[in-house]
Structure formats: C-alpha cells, structure tokens
C-alpha cells in the first residue's frame with residue numbers, strides 16, 4: 001500500500017489496527033508463558049500478560065457477579081473484570097463505540113466484509129423478515145449467559161467458581177482449544193468466516209452476545225448522532241454506508257442499539273453539518289474539528305483511565321503465582 005493510499009484510511013481504522021496489533025502482542029506473550037508452563041527447560045521466566053483476560057469474558061462476568069454480591073473484587077482474573085467494566089462504561093457513554101473502535105473481532109469482521117465487497121461488487125443484505133429474527137439470536141444468547149450467572153448463581157457460588165482451579169486455568173484451556181482445535185471447531189469457525197464474507201458483519205450483527213450487551217447500554221447512552229433536516233439533501237449516502245443498516249436519512253436522532261458510533265455516516269455525508277455526533281459534557285463537540293477528533297480522544301481517554309486506575313489500585317495483576325500456574329498445569333487434564 002502506497003503512503004498516499006494509507007493516509008486515506010480513516011482514523012477509526014488506525015485505532016482498530018492499534019488494538020489488533022496490541023492483541024497479537026498479548027497473544028505472543030501468552031504463548032511464551034504457555035511454553036514456560038509446558039516445558040521445565042524453557043529459559044527465562046515469562047510474565048503472563050493480564051490483557052489476555054479480555055478473551056475470557058464469561059469468567060469476567062462471573063467475577064463481576066461475585067464482586068457485586070460479596071464485595072470482594074476478583075483477584076484471579078482482575079484484568080478481565082476491569083476490561084469488562086471499561087467496555088461497559090465506554091459503550092454507555094459513547095454508544096457501543098467499543099465494538100467499532102476497540103474490539104479486534106469487529107475489525108476482523110469489517111475486513112471480511114471488504115473481501116465480500118470485492119468478490120460480489122456490492123453489499124449483500126438480508127431481507128428484513130429474515131434480518132430481524134436473526135438479530136434476536138444475540139439477545140437470546142445474552143439473556144442465557146446473564147441469567148445463568150446473575151439469576152442461577154448465588155454470590156457465594158460465583159465466588160467459589162472464581163477461586164476454582166478450573167477458572168484459574170481458563171485462559172490456558174482457551175489457548176489449548178485453539179492449539180488443538182477439533183474438526184467440529186474448525187468447521188464452525190470456517191462457517192462464521194464464510195458467512196461474514198457473504199453477509200456484512202454476520203457475527204457482530206446476529207450472534208455476538210457481548211455486542212448485544214454493549215448495544216443495550218448504547219441504547220441508553222446520552223451520546224447521539226443527530227440529523228439536521230434543513231441541511232440534509234436526502235441522498236441516502238448515509239444509509240448505504242451504515243454498517244448497522246440503519247435508516248439514518250429518515251431519522252432525527254439515531255438511538256438504535258445497532259449504532260456503534262463508527263461515524264461512517266458522517267464521513268460519507270456530502271452535506272457538511274447535516275449529521276453531527278454530540279457528546280454531552282464536551283463543550284463545542286459538534287464543531288467540525290471536534291467532530292473529527294473528539295470521540296476517539298475522549299473515548300480512549302476514558303478507557304485508558306479506567307485501566308490505569310485499576311493498575312494503581314491493585315486490580316490488574318492476578319494473585320496466582322507462576323509456581324501455582326505450573327502446579328495447576330500439571331493437573332490440567334483433571335479440570
């Protein structure tokens with residue numbers, strides 16, 4: 001890619017790319033840690049990266065349940081609970097922006113959609129009578145997980161699970177699942193990839209319970225994209241560009257839980273000022289310069305601030321030592 005072409009990539013893509021690279025770096029660190037557990041002859045003493053806990057959200061959900069019920073913050077996977085809380089806060093303040101700015105899976109989905117666009121020369125959209133029922137799947141999955149954790153588990157049961165050997169090794173078990181993936185697992189991932197190429201944002205739109213939770217908080221968010229009817233030309237460019245397939249051109253304000261604050265509609269709008277993103281509490285956030293830069297600066301600032309506070313208050317590093325991990329690894333098949 002030429003530098004002139006690289007500069008045309010939107011600001012959001014750069015932010016997404018940063019988090020993808022960060023995730024890959026964390027994955028590389030975690031793989032080194034796994035090799036350390038696997039082989040007594042592995043040189044050095046690799047550090048287990050706390051950020052890997054972002055990829056075990058169910059453990060974080062149980063940790064959150066335990067904390068709210070008992071008052072004791074999860075010290076086994078504290079970074080997981082912190083990152084879950086950070087995602088929830090960011091999604092409430094800035095309309096599900098976690099999904100379109102930070103989540104590496106959201107970035108992967110968009111790249112697969114671009115592959116589909118190159119193959120089929122157009123965005124393939126599901127008929128409304130199919131789209132709406134399919135969208136409900138992620139909310140059903142969310143209800144199942146939240147109900148199982150918050151309604152069927154007592155605070156004491158949640159705390160017991162948090163401190164269980166299985167939970168302590170849940171990230172290791174997750175890694176081994178991918179390192180030794182079965183044919184069934186491979187076929188499921190292949191299906192999701194193919195469907196994401198054919199149908200834009202297939203996983204995020206229809207199946208991701210994490211995104212469903214962020215969407216509900218986004219629906220309650222004070223931030224809004226609003227349309228100035230006097231400046232709108234009705235060209236429909238925003239509707240065609242919207243990854244969430246929202247009717248932006250006929251709405252005064254976008255309040256749908258499918259809005260991820262990606263700002264694509266504003267970027268593609270040919271009429272300056274017709275669409276604006278308003279962040280309550282940020283004076284002048286609707287000015288052109290701040291429209292381009294205020295969202296990601298404030299959003300990332302909140303995200304980083306919460307993580308920094310967690311680190312400063314001892315809610316980031318696990319209490320499980322490397323010696324404990326090694327002992328538990330030797331009994332891994334029992335869990």
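All of (1) buried (at least 16 other Cβ atoms within 10 Å of the Cβ); (2) part of a helix (DSSP H, G or I); (3) touching a helix residue (DSSP H, G or I) at 6+ places or on another chain (Cβ under 9 Å) hold for residue 261 with one exception: (2). Is one or more of the residues making up the stretch 141-153 in a loop (DSSP other than H, G, I, E, B), over 29 Å from residue 92 (Cβ atoms) and free of Cβ contacts under 8 Å to residues at least 24 places away in the same chain? No, because not a single residue in the stretch 141-153 is in a loop (DSSP other than H, G, I, E, B), over 29 Å from residue 92 (Cβ atoms) and free of Cβ contacts under 8 Å to residues at least 24 places away in the same chain.
Residues checked against (1) within 28 Å of residue 24 (Cβ to Cβ); (2) assigned by TED's automatic domain parsing to the domain that holds residue 261; (3) in contact with a strand residue (DSSP E or B) (Cβ under 6 Å, 6 or more places away or on another chain); (4) at pLDDT 95 or above:
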{"residue": "74", "(1), (2), (3), (4)": "yes, no, no, yes"}
{"residue": "88", "(1), (2), (3), (4)": "yes, no, no, yes"}
{"residue": "120", "(1), (2), (3), (4)": "no, no, no, no"}
{"residue": "124", "(1), (2), (3), (4)": "no, no, no, no"}
{"residue": "135", "(1), (2), (3), (4)": "no, no, no, no"}
{"residue": "139", "(1), (2), (3), (4)": "no, no, no, yes"}
{"residue": "144", "(1), (2), (3), (4)": "no, no, no, yes"}
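Checking each residue in the stretch 157-187 for being within 29 Å of residue 74 (Cβ to Cβ) and part of a loop (DSSP other than H, G, I, E, B) picks out 163, 164, 169, 180, 181. Taking the stretch 21-56 as the range and being in contact (Cβ under 8 Å) with a residue 60 or more places away in the chain, surrounded by fewer than 17 Cβ atoms within 10 Å (Cβ to Cβ) and in a helix (DSSP H, G or I) as the test, the residues that pass are 31, 38.
Yes/no per residue for (1) in contact with a helix residue (DSSP H, G or I) (Cβ under 9 Å, 6 or more places away or on another chain); (2) within 15 Å of residue 97 (Cβ to Cβ); (3) exposed (fewer than 14 other Cβ atoms within 10 Å of the Cβ); (4) not assigned by TED's automatic domain parsing to the domain that holds residue 19:
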| site | (1), (2), (3), (4) |
| --- | --- |
| 293 | yes, yes, yes, yes |
| 296 | yes, yes, no, yes |
| 306 | yes, yes, no, yes |
| 309 | yes, no, yes, yes |
| 315 | yes, no, no, yes |
| 318 | yes, no, no, yes |
| 323 | no, no, yes, yes |
| 329 | yes, no, no, yes |
| 334 | yes, no, yes, yes |
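Residues that are part of a loop (DSSP other than H, G, I, E, B), over 23 Å from residue 224 (Cβ atoms) and in contact (Cβ under 8 Å) with a residue 60 or more places away in the chain within the stretch 91-134 comprise 123, 124, 125, 126, listed in sequence order. Only one entry in 23, 59 is more than 26 Å from residue 333 (Cβ to Cβ) and modelled with pLDDT of 95 or more, namely 23. Give the residue, chosen from 196, 160, that is farther than 16 Å from residue 57 by Cβ, surrounded by 13 or more Cβ atoms within 10 Å (Cβ to Cβ) and free of Cβ contacts under 8 Å to residues at least 24 places away in the same chain. On inspection, the qualifying residue turns out to be 160. Could you go through the stretch 202-213 and let me know if any residue there is part of a loop (DSSP other than H, G, I, E, B) and modelled with pLDDT under 95. Scanning the stretch 202-213, I find no residue that is part of a loop (DSSP other than H, G, I, E, B) and modelled with pLDDT under 95, so the answer is no. Exactly one residue out of 84, 88 is in a helix (DSSP H, G or I), in contact with a helix residue (DSSP H, G or I) (Cβ under 8 Å, 6 or more places away or on another chain) and without any contact (Cβ under 8 Å) to a residue 40 or more places away in the chain, and it is 84. Of all residues in the stretch 62-81, those that are surrounded by fewer than 24 Cβ atoms within 10 Å (Cβ to Cβ) and in a loop (DSSP other than H, G, I, E, B) total 5. Could we say that residue 190 is in a loop (DSSP other than H, G, I, E, B) and without any contact (Cβ under 8 Å) to a residue 12 or more places away in the chain here? Judged against the criteria, residue 190 is not a match.
The values are calculated or read from the model by the stated rules, or taken from the named source; none is laboratory data. Being a predicted model, the structure only gives us computed values, none of them experimental. For neighbour counting, all protein chains shown are included, and Cβ atoms are generated from backbone atoms with ideal geometry for every residue, glycine included.
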